[in-house]
Every structure is written in C-alpha cells, then in structure tokens.
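Notes follow the structure.
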Amino acid sequence: MFRSNLVPLLSKQVPLRLTRAMSSQFQLRVNPLTGNSEWIVIEENDPESPTPSNTSQTALLATTSYLDMLNDSPRNRAYRQAIDKTVTQPCRVLDIGAGTGLLSMMAARAMGPPSSTTCRMVTACESYLPMVKLMKKVLRLNDMENQIKLINKRSDELELGVDIDSRAQVLVSEILDSELLGEGLIPSLQHAHDMLLVESPETVPFRATTYGQLVESTYLWKLHDLRGNEAIACDGISLVPTGFEDVLGVKPQQYAFHCDAIANEVKLLSEPFKIFEFDFSRRPESGGETELSVKATNDGRVHAIISWWILQLDREGKIFYSTAPRWINLPANISHGDWCDHWKQCVWFVPGEGMSVKKDKEVFLHAVHTDISISYNIKSPESRNTSMHYGVTGRDFRLILPPERIAIYGDSEWRQTMFDAISNVLQGRVDPLCIVADDSVFLALLIAHLSKTSHVMSFFPGLQDKGVQYLQAVARANNFSVDRVEYIKKKKTELTVHDTHQKKVELLIGEPFYYGTDNMLPWQNLRFWNERTMLQSVLSEDALIMPCKAILKACALSIPDLWNSRCSLSKIEGFDHSVVNSTLGACGELPGEQEGPCLPYFIWQCGDVKKLSEAITVMEFDFSKPIMPSHGKTQVEFAEPGICHGFALWIDWVMDSDDSIVLCTGPDKRYWKQGVKLLAKPVEVGKSSSAVIEAWFDPSTGDMDVRHAFS
C-alpha cells in the first residue's frame, strides 16, 4: 500500500525489515547523506511527549500513502456501503492489514449497538507496529477499544484457538496495490481460507478484475528503449552497444503510473480487455495464465500495455471501485474516483521498439500471474507459436535501472549537456585521474571515451560490482581498454593517495545519481557534496568538481488534487481520525508550530497543477568548499492569480564555473521528482501578492527545513 523514501517497500502484509526485542522493534532506514543503513527504535509504549525515536517514526510514516488512502472518499464510501450490506448481525469478522482500524470499526458498528454479544467479535491484525500504535489511538478516540481485538501480527502468523477463538464468517481487507497483487493478496487469502475462515465466507471486497489496453506512446517508449533512443544521440557513447541489447534495461514488471497525465500522448490501439478475475470468497491459486486474442483498433506500434482493476465490493454486484484511467468509458454503475496517489494504473513496457499492428488484425496476449505479480507476452499471429523471452539472453548479469533513468540516459539534450561539460574540463589535461563519486555509468564511459589517457576510478556506492561488470562488458564497444576504469571498494573516508596510485585526483564528478534512491527528495542528492568533502585529502589543489554547485529553486503552485489527498482528517464515514494527522504528515490543523513535511513527487503527474510564480533561487551550495550548514531566504512574487496550495522545490546542478551549463530538474522536467511543501491552508493570491520562503540545510542529517510566510 505504501512506499517510503526511508526504507524499502513496506506494506501491511509484505514482510518488514523488523526485529523484535522485548517491548520494541528496530526498523532499518537509510541516511540520505552517507547511504549508510541505520536502525531506528520503534517503542511499544506510546508516550505523548515527542522523543527522538518518535520523531523518526513520524518522519517515516509521513512518507507513506496511509494519509492519501484515508482521504480517498470514494474508496471509504464503497467499503462502508459494502460492509453495511454484508455484516447485518453479530458475527465473527477478521480484518487483515487493519491500518488505522477503519474497516474494523465499520464492521463493529454494522453489528448494532455494543453489547456482551458483539464484544470483540472483530479481530484486527496489523503487523506494522507504528500503525498498531496509531490504531489504538483511533479506537480509543472512537470509544471502540472493547469492541475490536487488535493483534500485532501478520495474518499468516495468527493461530486458531490462540489468537482467535473460532473461524471468522466475514473477511474485510484492503491489501491491494496498483498492480492488485503486490501486497501479498494471494498468499494472505490462501492462508485465511485454509486456517482462519469458515467455508464459503462473506468477503469485502468480493471480487477484483484486472483489465488492459494496448497503447502507442512515445513517452512510455522512452522510459525503456535506451538502445532505440541513444541511436539519435551523436556523442559516440554506446550504453547499449550492438550485440549487448540485454546488458542494461528496466526490470520486466508492471510500473505504477498516473496515466491520465499522458492522456494526450497516448494512441489507443485496442478496446479494453479483461485479463484476470480473483474471487476473494474462494481460495485463490498461486499462479494462473490466460491467452487473449485482441483486435487492433488502429494502425500503430504497441509500446506498452496499460492495466487497471475494478473492485466489486459486494456479492450482488452493486458497489464498485475502479482505478481505470479517465479515458475509459465505464458502465453506468461504476464511476471514476478522485485523483489519488495510493492507487494508480500500471504500465508494462513491450520490449525494444514495440510491435507493429494493423487495424482489425489480431494480437495475441499471453498473461501470467504469480502470487505477487502479473506479466505479459505479446505476439503477432506470425509469431504466436514461437517462444519469446523478455529478459536476459545469454548473460550472467543485467544492469537494471529505473525507467526515468533509462529515459535520461537516452535523452539527447541531457547527454549533450554532459558531453559539453566533460569536454570543457578535460581540455589541456594530460593523463588525468578522475573519480566518479556516484553511480553514473554514463559519466565513466564518457570520460574514458573523450580522454584516451585518462584513468577513471568509480565508487558505484549503489551499483557496486554490477557497475563494474557493466563497464567491462561495454568497454571494447566504446573503444577503450577496460583497465582504464577501476572500481574502488574502499570507503571514501579511508581513501589515500596510495589507493590513487600516488596521484592526486584532478576531476571529481557525479550526475549526481545514486542507485536505489528513487524516492528521495531532490536535496538528498547533496550526498555528492558530503562525499566531495570526505575526499578532500586526495584532491589536487586545482581539482575540478563537477557539478560545481547546486541551486535550490522554488515556485508557487496551485495543486488542489495533491493537497486534498494530503489534507487533515476529521471524520471518515463517521469515525474520528483527527488523532493521526500529526503522525501521518497532514497539511492543515496541526498542533502548535508544527508543519507538514516536504515530500517527493513527479509534480506533472499530480492531477490539476498550475504554476503561480516564476522559478526563484532560495539558496546555493558551493562544492568548492567542504559541506556546511546553509541558509537561504527569498521573496516569491506571484505572476498568476489563483489558489496557492504549496511550493515546488528542486535542485538545479551547475556543471561549470562559468554558470553556462546548468542541468535543471524542475517541474517542467518529467524524469526527476521535485519536493512539495504543502500549505496548512490554501491561500488565494493575486498578481500583487507575495510570499517569503526560508530554508535551512542541516549537513549532519541531509534534512532541509523549509518555512514560508505570506505578505
């Protein structure tokens, strides 16, 4: 259900990186400036006064999608209606992945007024301790502590006769992600049907059906076909050389994506088609497959399969919830929901340049599901009986990068920017020693390509051995000897001139890009500044640092859909949730001086968005000096009237000392996430309005404290 930029994927049913110790748990997080893993303590007790461990928990929970989910009114209403129809008398109810306890409270209320008969008839299991703590608060606030039995376990850890007295007659659950299966829906249902539920139980939801559509989209094609896109570039670098088509690419999987944002860039090549159906009231199979014959509705090239699902919440088929893109004409009894970030559509990339189709001709789609994912294989009638493999062919490894990174590496403008910057700094340098501080395979190749006498040392902090294997594989195709690129396994703090062959480093560079940090805030890539500082002892006096500096930029936004998905909660279908606002990072109505967090988003995918001001500079970070605390303050003049919901913040990377080559990562650049600081309350502004933005950067944590004030 939610992704955090501090920890790996967490969910209500997917195993957590937690270890138990008496009355506390320890959870792994990553320090954004060092890349080092750290443990934070999650205490079992729940003191009201903030402590360091509580602060860490709050910061972590604010990055999840719980708040967005709880603000999804169509979802909440559909569940309430279905539970009211299903739970019409006292019965045993099991809630898997209870979260804040909303579904459990709905079920308890549906049984009628509290009595000795209905006491603790609802069992709620929730494995994630911070959510257990929040749920206890919510139950207490709504005077339902005695009606619901809360168990801090995964559902497959529950034991009949120990945790629950008897099998449940009704299952309520919301363990769904954008793909449907990624939160462990199938294994959770299997165990529940085997061990926890009566035969033929009632379930809410009752059924889920996945659908798909064939599309042509240049944008989606750029997110995965690096070979096809870099053919347009004229820099002589081959990230995917001929014969090495499988050496670098995206993972063959479905990617959650706000497809409405590219509605004008999509050519539909088929009608929607049904793929899989999952009946929650029956024990599901771990795997399944189907082959569909899909008729093309237009000439074109299939670049992707866009998929979504429709949830039938009641047995009779009267209550539905859909994640379909808005261009889909839904039946009259199913409506499109509001914009939300917790459930999106999914995109499956058709390999390479895609497959050409002709109108009215058939395309054969082979769909397979495991217990946690769905994948596809698309064939023309001519290749229907041939085997197609969408993965590695004949290689021991494959370098897997995020789709946006593939698109950046294939972007001619970005590549030209890097080419110009590196060419300039290498002029006049003989046998330069260069260090690539981050995970950029492109820059390592570019230096070796442009300077035949250079020696390149790469840290590859995230890619590690895979980065080296990749460079070794493509070195000859890029016309340089593999021994000119060296992988440094030492920590940056331990590096000496002995490790650099008694030479001082003349060029220290980065994009910056750190593998595995896709959900980090833009300024957390200032890790490059921290690493430059750690390498001070091996830098020559005239060493060139690239980028030379970073600029924190900002602009004012009207962004109502995102604001509404993150706003403070009051009552949800009659249940008070105000107690969770502070912990979940809501905007508006927080206690005292507390403000909501900055969170990372692709702003262009955030529904209705309008810029209300020009981009302004908040502060600069000079990489010629060691990392230090920084402060900036600037005034925002509004250029457009409207309702201001917050500010976008991003980093522009200045690649040269003349400030002539600048890499912008702002809202207009769709391959980078920006930070969003939402206001406590939206403010109506005119062209004469102004605001002040002030920011403080803490080099010990990598955090940026952003404040604002309206004139």
Odd one out for residue 527, checked against (1) within 29 Å of residue 436 (Cα to Cα); (2) touching a strand residue (DSSP E or B) at 6+ places or on another chain (Cβ under 6 Å); (3) of a type in the set (Lys, Arg) | (2)
Among the listed residues 81, 169, which satisfies the condition of being in a helix (DSSP H, G or I), polar (S, T, N, Q) and modelled with pLDDT of 95 or more?
-> 81
Search result, residues across segment 59-92 that are surrounded by 19 or more Cβ atoms within 10 Å (Cβ to Cβ) and among the hydroxyl-bearing types (Ser, Thr, Tyr) | 63, 64, 65, 66, 79, 86
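The rows are residues; the columns are (1) β-branched (Val, Ile, Thr); (2) at pLDDT 95 or above; (3) on the phi > 0 side of the Ramachandran plot; (4) surrounded by fewer than 23 Cβ atoms within 10 Å (Cβ to Cβ).
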| residue | (1), (2), (3), (4) |
| --- | --- |
| 122 | yes, yes, no, no |
| 149 | no, yes, no, yes |
| 161 | no, no, yes, yes |
| 193 | no, yes, no, yes |
| 209 | yes, yes, no, yes |
| 220 | no, yes, no, no |
| 223 | no, yes, no, no |
Would you be able to tell me the number of residues in segment 399-412 that are assigned to a loop (DSSP other than H, G, I, E, B) and surrounded by fewer than 20 Cβ atoms within 10 Å (Cβ to Cβ)?
-> 2
Can you name the residue in segment 424-446 that is touching a Lys or Arg at 6+ places or on another chain (Cβ under 9 Å) and assigned to a helix (DSSP H, G or I) and, of all such residues, is surrounded by the fewest Cβ atoms within 10 Å (Cβ to Cβ)?
-> 442
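Yes or no: residue 293 over 26 Å from the mean Cα position of the chain (by Cα), touching a residue at least 12 places away in the same chain (Cβ under 8 Å) and farther than 23 Å from residue 259 by Cβ?
Against the criterion (over 26 Å from the mean Cα position of the chain (by Cα), touching a residue at least 12 places away in the same chain (Cβ under 8 Å) and farther than 23 Å from residue 259 by Cβ), residue 293 qualifies.
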If you scan segment 296-334, which residues turn out to be of a type in the set (Gly, Ala, Ser) and either at positive phi or at pLDDT 95 or above (or both)?
-> 296, 300, 304, 307, 317, 322, 324
When segment 163-180 is examined, which residues are found to be surrounded by 15 or more Cβ atoms within 10 Å (Cβ to Cβ), of a type outside the set (Asp, Glu) and under 26 Å from residue 85 (Cβ atoms)?
-> 164, 167, 168, 169, 170, 171, 172, 173, 175, 176, 180
Modelled with pLDDT under 95, of a type in the set (Gly, Ala, Ser) and under 26 Å from residue 401 (Cα atoms) - does that describe any residue in segment 539-559?
-> no
Among the residues listed as 609, 538, 579, 618, the single one being β-branched (Val, Ile, Thr) and in contact with a Gly (Cβ under 6 Å, 6 or more places away or on another chain) | 618
Could you please find all residues in segment 563-572 being buried (at least 17 other Cβ atoms within 10 Å of the Cβ) and not in a strand (DSSP E or B)?
-> 563, 564, 565, 566, 568, 569
Residue that is surrounded by the fewest Cβ atoms within 10 Å (Cβ to Cβ), among those in segment 452-478 that are of a type in the set (A, V, I, L, M, F, W, C) and either out of contact with any Phe, Trp or Tyr (no Cβ under 7 Å at 6 or more places or on another chain) or in a strand (DSSP E or B) (or both) = 475
How do the strands (runs of 3 or more DSSP E) wholly within segment 479-562 filter down when requiring 2 or more residues that are closer than 30 Å to residue 608 by Cβ, in the same structural domain as residue 679 (by TED's automatic domain parsing) and not aromatic (Phe, Trp, Tyr): which remain?
-> 549-558
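Each row is one residue, and each column tells you yes or no for (1) surrounded by fewer than 21 Cβ atoms within 10 Å (Cβ to Cβ); (2) in a loop (DSSP other than H, G, I, E, B); (3) not assigned by TED's automatic domain parsing to the domain that holds residue 603.
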{"site": "289", "(1), (2), (3)": "yes, no, yes"}
{"site": "292", "(1), (2), (3)": "yes, no, yes"}
{"site": "301", "(1), (2), (3)": "yes, no, yes"}
{"site": "316", "(1), (2), (3)": "yes, yes, yes"}
{"site": "326", "(1), (2), (3)": "yes, yes, yes"}
{"site": "347", "(1), (2), (3)": "no, no, yes"}
{"site": "367", "(1), (2), (3)": "no, no, yes"}
Note on segment 662-711: residues among the polar types (S, T, N, Q), modelled with pLDDT under 95 and farther than 17 Å from residue 638 by Cβ are 700, 701
Reported set for segment 229-259 where residues are more than 26 Å from residue 413 (Cα to Cα) and touching a Lys or Arg at 6+ places or on another chain (Cβ under 7 Å) is 256
Sort through 675, 666 and tell me the only one that's assigned to a loop (DSSP other than H, G, I, E, B) and not hydroxyl-bearing (Ser, Thr, Tyr).
-> 666
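The values are calculated or read from the model by the stated rules, or taken from the named source; none is laboratory data. Being a predicted model, the structure only gives us computed values, none of them experimental. In this analysis, Cβ positions are derived from the backbone assuming ideal geometry, glycine residues included, and neighbour counts consider all displayed protein chains.
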